[in-house]
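J.: Right, I'll just put the structure down here and ask away after.
The values are calculated or read from the model by the stated rules, or taken from the named source; none is laboratory data. Keep in mind that what you see is a predicted model, and the values were worked out from it rather than measured. With ideal geometry, Cβ positions are generated from the backbone for all residues, glycine too; neighbour counts draw on all protein chains shown.
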Amino acid sequence: KSKSQTMRVRWNHFKLLLFWLTVLAVLAFEAEARKRVRIGLHKNPEPIEENIKNELKTLSIKHNLNVDDTKAKTKTDTKVPGSKVATLENLYNTEYYTTLGFGNPPQDLKVLIDTGSANLWVLSSKCPDSVAPCANRIKYNSSASTTYRAINTAFNIAYGSNSEEGPIALSGFQSQDTVNFAGYSIKNQIFAEITNAPETAFLKSQLDGILGLGFASIAINSITPPFYNLMAQGLVNRSVFSIYLNRNGTNAINGGELILGGSDSGLYSGCLTYVPVSSAGYWQFTMTSANLNGFQFCENCEAILDVGTSLIVVPEQVLDTINQILGVLNPTASNGVFLVDCSSIGDLPDIVFTVARRKFPLKSSDYVLRYGNTCVSGFTSMNGNSLLILGEIFLGAYYTTYDIVYKLIGLAPAIH
């Protein structure tokens, strides 16, 4: 009996222990959830034909590459990731943006989220309407904020281009203010106010600025990026943010989610595959291989996740072979749009990326974009680029997490 009583006591203690472990786990989860905030992303459509060159120039800023206007390039879009244009009857490009509040009282500005850069900048009220990109825009007005502090250090971003227009640049100055980010108030955030921009910049965009989510090492003027300040000010417990791009949304407020301080397992299937960052600047990693119908064009090559572009950018020597495999209808197109026979999409092969021994395939319906009766290939190249740049075509299919401290990238199939 004594032994039996002892066993019952131990069993009761064990059940009590399990109960309290469960309670503590729930409390810990709730505490963590309070530190993990979702931001809804919005999708902004703009005409594909008019903006191929502009997108390539934007890429050239971040990756210090040249744009060759004489070689055909491809402008791409993700597959309906949260847009009013659900049927894709027109030709659309995508941008994913969120709203930040600047100053006190907060001034709401739409900023493009970009994992391929690390600075926060917005258009300034000091940029006159005579500068085309600043005309009829919402702009940050420092005089309307009680928490503004002047810095006035010059800020410049150079755009490398060998086009007829030559180099283009954004310029302005640095300021400091409180920035509202998903309900968090980041105090003393330094950002840039843009006062001058080329005539052709942002003409088809609704954005008021860019939020860089890259590593601090690539920040211009060594400015601390907002997510770093979120961590430093104790607003998030974990050094992780994650991105989910909604491919099946039907309106502009349903573009996806940027989650600060963690991830959401309800938005992806299976387990995350982790790969270390190979060069902490961009979110760059070593890809094991990439294969399209037996054509292997990557063997332990370097790749970058870039939510700031809708393209998949491959090395120049690779693009011609990809176009042959896809049977593009206009391989010598000068307008940068490679067309695919819409009736053949179902017959095109998967492209398979291998990362950390796990395969990440894209179906032809992922990498060929359909705009009404027009079907466009989702691959391009740029002069001097030897990297794979995986834009929104890839990121629309795969949920991604980004750990700044441990320098890890996580990938898993997104649930749509």
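J.: Restricting to the range 275-300, name every residue that is surrounded by fewer than 18 Cβ atoms within 10 Å (Cβ to Cβ) and out of contact with any Phe, Trp or Tyr (no Cβ under 9 Å at 6 or more places or on another chain).
T.: Matches in the range 275-300: THR286, ASN293, GLY294, PHE295, GLN296, GLU299, ASN300.
J.: Further, regarding this structure: Examine the range 203-213 for a residue that is over 16 Å from the mean Cα position of the chain (by Cα), crowded, with 20+ Cβ neighbours inside 10 Å and at pLDDT 90 or above, and state whether such a residue exists.
T.: Yes.
J.: Of all residues in the range 131-165 being over 27 Å from the mean Cα position of the chain (by Cα), modelled with pLDDT of 95 or more and in a strand (DSSP E or B), which is farthest from GLU199 (Cα to Cα)?
T.: If we take residues in the range 131-165 being over 27 Å from the mean Cα position of the chain (by Cα), modelled with pLDDT of 95 or more and in a strand (DSSP E or B), then ARG149 is farthest from GLU199 (Cα to Cα).
J.: Further question on the same structure: Tell me, yes or no, whether the range 326-349 has at least one residue that is within 30 Å of SER242 (Cα to Cα) and either surrounded by 15 or more Cβ atoms within 10 Å (Cβ to Cβ) or in contact (Cβ under 8 Å) with a residue 40 or more places away in the chain (or both).
T.: Taking every residue of the range 326-349 in turn, at least one turns out to be within 30 Å of SER242 (Cα to Cα) and either surrounded by 15 or more Cβ atoms within 10 Å (Cβ to Cβ) or in contact (Cβ under 8 Å) with a residue 40 or more places away in the chain (or both).
J.: Here's another thing I want to ask about it. Considering only the range 105-130, how many residues are in a loop (DSSP other than H, G, I, E, B) and in contact with a strand residue (DSSP E or B) (Cβ under 6 Å, 6 or more places away or on another chain)?
T.: 7
J.: Another question, then. Could you say which residue among GLY281, GLY308, GLY262 is in contact with a Lys or Arg (Cβ under 6 Å, 6 or more places away or on another chain) and either modelled with pLDDT of 95 or more or within 21 Å of LEU408 (Cβ to Cβ) (or both)? Explain how you work it out, then say what you get.
T.: Working: GLY281 fails: in contact with a Lys or Arg (Cβ under 6 Å, 6 or more places away or on another chain); GLY308 fails: in contact with a Lys or Arg (Cβ under 6 Å, 6 or more places away or on another chain).
None of the other options fit; the residue is GLY262.
J.: Only one residue in THR374, THR321 is of a type in the set (S, T, N, Q) and either in contact with an Asp or Glu (Cβ under 7 Å, 6 or more places away or on another chain) or closer than 30 Å to LEU112 by Cα (or both), so which one is that?
T.: Details: THR321 fails: either in contact with an Asp or Glu (Cβ under 7 Å, 6 or more places away or on another chain) or closer than 30 Å to LEU112 by Cα (or both).
Sole residue among the options that is of a type in the set (S, T, N, Q) and either in contact with an Asp or Glu (Cβ under 7 Å, 6 or more places away or on another chain) or closer than 30 Å to LEU112 by Cα (or both): THR374.
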